[in-house]
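Chemist: First, the structure itself, so that you have it in front of you.
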Amino acid sequence: MSFPPSAAMAAALTEARAAGARGEVPVGAVIVAPDGSIVASGGNRTRELNDPTAHAEIVALRAACATAGSERLPGHDLVVTLEPCAMCAGAISLARIARVYYATADPKSGGVDHGARVFSHATCHHAPAVFGGIGETAATALLTEFFAARR
């Protein structure tokens, strides 16, 4: 994938906006195949599905794996609007995602560059390359507006 993945981040931001419109925390993710095509996308659906695991990354990974007919997605990239949490980082590792591009850091609940730092542990079987700050301004604005409206 070319750097930065602007078209993919634009698609992830579209998913994030849709999640926010549904009353979910506005986070969106897309899975990009080695040829650069978007093969799956998803936004947070934890409230809608009453499922604490239905984060945008998990929703997108499930769809991409179903399409691929495999639990692993070697060579694929994940583009997400918020730094993945520890749960999502674990799933990303298990899926063998090649690269993770995220828009805004999550110092409170992040699991990649903050908090658990899942990919840095010796017990992590696969650590993707990670790039933060891609589309940060737009993603941060979505999150800030969402939470300001609820306070």
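The values are calculated or read from the model by the stated rules, or taken from the named source; none is laboratory data. Only a predicted model underlies this, so the values are computations on that prediction, with no experimental measurement involved. Don't worry about glycine lacking a Cβ; one is built from the backbone with ideal geometry, like all the others, and counts go over all protein chains shown. Ligands, DNA and RNA are stripped out before the accessible areas are found, and what is left, the full protein with its side chains, is counted by its heavy atoms. Shrake-Rupley method; radii C 1.70, N 1.55, O 1.52, S 1.80 Å.
Chemist: On the full set of protein chains, 1.4 Å probe, figure out the accessible area of M87 and give it in Å² to the nearest 10.
Modeler: 70
Chemist: Kindly report, to the nearest 10 Å², the accessible surface of T137 as traced by a 1.4 Å probe over protein heavy atoms only.
Modeler: Approximately 120 Å² for this residue.
Chemist: Determine, for each peptide in 29-39, 88-98, the mean count of other beta carbons within 10 angstrom over its residues, then list the peptides with the highest first.
Modeler: Highest-to-lowest ranking by the protection proxy: 88-98, 29-39.
Chemist: Next question. Taking N as the number of residues in the range 1-87, what is its alpha-carbon radius of gyration divided by 2.2 N^0.38 Å?
Modeler: My calculation over the Cα atoms of the range 1-87 gives 1.02.
Chemist: Counting Lys +1, Arg +1, Asp -1, Glu -1, what net charge surrounds P128 among other residues with beta carbon under 15 Å of its beta carbon?
Modeler: Combined, the nearby Lys, Arg, Asp and Glu give 0.
Chemist: Between A63 and S6, what's the calculated FRET efficiency when r is the beta-carbon distance and R0 is 25 Å? Round to 0.05.
Modeler: FRET efficiency, A63 to S6: 0.70.
Chemist: Can you bin the chain into rounded, prolate or oblate? Criterion: square roots of the alpha carbon gyration tensor eigenvalues sorted a ≥ b ≥ c, rounded for a/c under 1.5, prolate for a/b above b/c, oblate for the rest.
Modeler: Here the chain falls in the rounded category.
Chemist: Rolling a 1.4 Å sphere over the protein heavy atoms, what is the accessible area per residue of the chain, to the nearest Å²?
Modeler: 47
Chemist: Further question on the same structure: Given H placed 1.01 Å from N in the peptide plane, which residues other than close sequence neighbours of G28 have an amide H under 5 Å from its amide H?
Modeler: So G28 has HN proximity to A16, T81, L82.
Chemist: With springs connecting C-alpha atoms under 10 Å apart, model the chain as a Gaussian network and identify which of A66, A12, A116 has the largest mean-square fluctuation.
Modeler: Per the Cα network of the chain with a 10 Å cutoff, A66 tops the list.
Chemist: What is the calculated FRET efficiency for T53 to S109, with r their C-beta to C-beta distance and R₀ = 22 Å, to the nearest 0.05?
Modeler: Working from the Cβ atoms, E equals 0.95.
Chemist: Along the range 131-142, what does the Karplus equation 6.51 cos²θ - 1.76 cosθ + 1.60 (θ = phi - 60°) give for ³J(HN,Hα), rounded to whole Hz, x for Gly and Pro?
Modeler: Result, ordered by residue: 10, x, x, 7, x, 4, 4, 5, 5, 4, 4, 4 Hz.
Chemist: By how many nm would the segment from R151 to H121 lengthen if fully extended, with 0.36 nm per residue of separation less the alpha-carbon distance?
Modeler: Answer, rounded to one decimal: 7.2 nm.
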